[in-house]
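Nothing in this text is a laboratory measurement; each read-out follows from the coordinates by a stated rule. These numbers were taken from a predicted model, which means no experiment stands behind them. Methodologically, a virtual Cβ is constructed for each residue, glycine included, from the backbone with ideal geometry; neighbour enumeration extends over all protein chains shown.
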Amino acid sequence: MRSWIVVVALAGLQLAPVADVRIPGTATRLDYQSLDPGRHLLFIAHLGDGTIIVFDTKTLRVTAVIRDVSDVHGVLVVPEEHTVFASATGTNEVIALDERTFHVMWRVSGGSYPDGLAYDPNTRRLFVSDEHGGTETVVDTKSHQSIATIPLGGEAGNTQYDAQSHHIFVNVQTSEQLVEIDPRRNAVVRRFSVGGSGCSGNHGLLIDSRKRRAFVACEDSNSLLWIDMRNMRTVRTWTVGAGPDVLALDTKSDRLFVAAESGTVSVFLNKARVTLLGQSFLAANAHSVAVDSRTQLVYFPLENVGGAPVLRIMAER
């Protein structure tokens, strides 16, 4: 197995193998990840098992398994609040966990299919994309209550916070739009079409606030968009692996990782211009990726390697 990983690295992904770590649970779907680099903790949503796996990135060991998070999709750690938020799609809830004890602190309704999560540190509000409900659910993390439901007009994809505008952005897949929300007003303020840029099924989203860029992964057209957030125009479109899903950015090396359902990983250099460094098959269902900019380690949770789930850890070269 290690030999073909090396081949992948030499093929242009510029990744070298570090370890394949067996993680607890059954060989079922894993989903989003969220990293707290200060505490060396990586939180991995094990959707198929309804658990969150807590992985220590310093010791390379699993330190806890948080159970009873039914069909968990999204997971987001907010280190300054010592809180981990998770979207439990099986019970249509948003769950808040204490990052220090891993205990559930509170639960609140998250709509009809809560998925992606974004946090606004200014209002301390959590924004939850309700994929099937076609809305953005707003949760006040101070009062532990849902305080608003924002109609989006279509199926909601991933959602992200932009530290420059202090606004929330969310993909609306069925209308092929990127929607901008003012978190203080809990209202949509602008809509931008992505359909004319060769994008269909805009689900994955990553915002680089430093460089005023948005990257949109289009799962139906197998494409990635680079959007200039100064004018909200598409600069370029690339073809990537089938079913692009999760994106991750190393702000130190300026590398952007795009993980796809097909197992293909694409790596871009996010400098003055964005360029494709390499693209290759990594492993079956390698659709989720996280990166630690401090250590430049990249994490791919894989649902079935030899009949068991594995966290594949690779180092940037």
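Please give the contour-minus-distance gain from R210 to S193: 0.36 nm per residue of separation, less the Cα-Cα distance, rounded to one decimal in nm.
3.8 nm is the gain from fully extending R210 to S193.
What does the extension gain come out to for Q164 and L60, with contour length at 0.36 nm per residue minus their alpha carbon separation? Each step should come with its number before you reach the end.
Working: separation 104, 0.36 × 104 = 37.44 nm, distance 3.41 nm.
Length gained between Q164 and L60: 34.0 nm.
Kindly list the residues of region 48-74 that lie in the label zone of S109, defined by a backbone N under 19 Å from the point 7 Å along the Cα-to-C-beta vector.
Only 70 pass the distance filter.
Helix-only estimate, please: 222 nm mean residue ellipticity of the chain, summing -39500 (n - 2.57) across DSSP H runs of length 4 or more and dividing by its residues, to the nearest 500.
On the way: 1 runs with 7 residues, N = 317.
Helix-only estimate at 222 nm: -500 deg cm²/dmol.
State the answer as a single residue: which of L256, A242, N222 lies farthest towards the positive end of the charge dipole of region 211-317, with beta carbon charges of +1 for Lys and Arg and -1 for Asp and Glu, about the Cα centre.
Result: L256, furthest along the dipole toward the positive end.
Which percent of Cα-Cα pairs in region 36-94 sits in each 10 Å bin, short to long?
Reading upward from the zero bin: 25, 52, 22, 1.
Over region 80-170, with a single point scatterer placed on each C-alpha, what log10 of the ratio I(q)/I(0) does the Debye formula yield at q = 0.17, 0.18, 0.21 1/Å?
-0.65, -0.73, -0.98
Residue-wise, which Karplus ³J(HN,Hα) couplings in Hz belong to region 257-271, taking 6.51 cos²θ - 1.76 cosθ + 1.60, θ = phi - 60°, and x for glycine or proline?
Once θ is set to phi - 60°, the couplings for region 257-271 become 10, 10, 9, 10, 4, 6, x, 7, 10, 10, 10, 10, 9, 9, 9 Hz.
What percentages make up the Cα-Cα pair-distance distribution of region 167-314 when the bins are 10 Å wide from 0?
12, 41, 34, 13, 1
Suppose every K and R has +1 on its Cβ and every D and E has -1 on its Cβ; what is the size of the dipole of region 153-274 about the Cα centre, in Debye to the nearest 20? The partial results should precede the final answer.
Working: 15 positive and 13 negative charges, 148 e Å.
The calculation lands at about 720 debye.
Over region 255-317, what lengths in whole Å, largest first, do the semi-axes of the equivalent ellipsoid take, defined as the square roots of 5 times the eigenvalues of the alpha-carbon gyration tensor?
Working: eigenvalues 99, 38, 12 Å².
Working through the eigenvalues yields semi-axes of 22, 14, 8 Å.
For the chain, compute the number of Lys pairs whose alpha carbons are separated by less than 26 Å, excluding pairs fewer than 8 positions apart on the same chain. Display every interim value, and only then the final one.
Details: K58/K252; K211/K252; K211/K271; K252/K271.
Summing the qualifying lysine pairs gives 4.
What does the highest-first list of 183-194, 33-44 look like by mean Cβ count within 10 Å? Walk me through the numbers on the way to the answer.
Numbers: 183-194: 15.6, 33-44: 20.0.
Top to bottom by mean Cβ count within 10 Å: 33-44, 183-194.
Just subtract the alpha-carbon distance of K252 and F281 from 0.36 nm times their residue separation and send over the number in nm, one decimal.
Result: 8.0 nm gained on full extension.
Which order, highest average first, do 129-140, 273-284, 71-82 follow once you tally other Cβ atoms within 10 Å for each residue and take the mean per peptide? Write out the running numbers ahead of the final one.
Values: 129-140: 22.4, 273-284: 16.3, 71-82: 19.7.
In descending order of packing, they fall as 129-140, 71-82, 273-284.
Quick check for you: which residues of region 271-296 have the amide N under 20 Å from the point 7 Å beyond the Cα of N304 toward its beta carbon?
In region 271-296, the label zone of N304 (backbone N under 20 Å from the point 7 Å along Cα→Cβ) covers 281-289.
Send over the per residue convex hull volume for the chain, Cα only, as a whole number of Å³. Mind dumping the intermediate values first?
Values: hull volume 35.3 nm³, N = 317.
Each residue corresponds to 111 Å³ of Cα convex hull volume.
From a point 7 Å beyond the Cα of H132 in the direction of its Cβ, which residues of region 71-109 have a backbone N at a distance under 12 Å?
Within reach of a label on H132: 89-93.
Based only on Cα atoms, what Rg/Rh ratio does region 17-168 have, Rh being taken as Kirkwood's radius? Numbers along the way, then the final one.
Details: Rg = 15.0 Å, Rh = 15.5 Å.
Ratio of gyration radius to Kirkwood radius: 0.96.
Just to confirm a number: summing +1 for Lys and Arg and -1 for Asp and Glu over residues other than G278 whose beta-carbon lies under 12 angstrom from that of G278, what do you get? Display every interim value, and only then the final one.
Numbers: positive: R255, R317; negative: E316.
Around G278, the charge tally is +1.
What percentage of all Cα-Cα pairs in region 173-232 are separated by more than 19 Å? Don't jump to the answer; show the numbers that get you there.
Details: 520 of 1770 pairs.
Tail of the P(r) past 19 Å holds 29 percent of the pairs.
Per residue, how big is the convex hull of region 186-272 when only Cα atoms are used? Give it in Å³.
Working: hull volume 9.0 nm³, N = 87.
Value for region 186-272: 103 Å³ per residue.
Using the Cα centre of the chain as origin and beta-carbon charges of +1 (Lys, Arg) and -1 (Asp, Glu), tell me which of I181, T275, P79 is placed farthest towards the positive end of the dipole.
Of the listed residues, the answer is T275.
Taking the Cα centre of the chain as origin, work out the dipole magnitude from +1 charges on Lys and Arg Cβ and -1 charges on Asp and Glu Cβ, in debye rounded to 20.
On the way: 30 positive and 34 negative charges, 231 e Å.
It comes to approximately 1100 debye.
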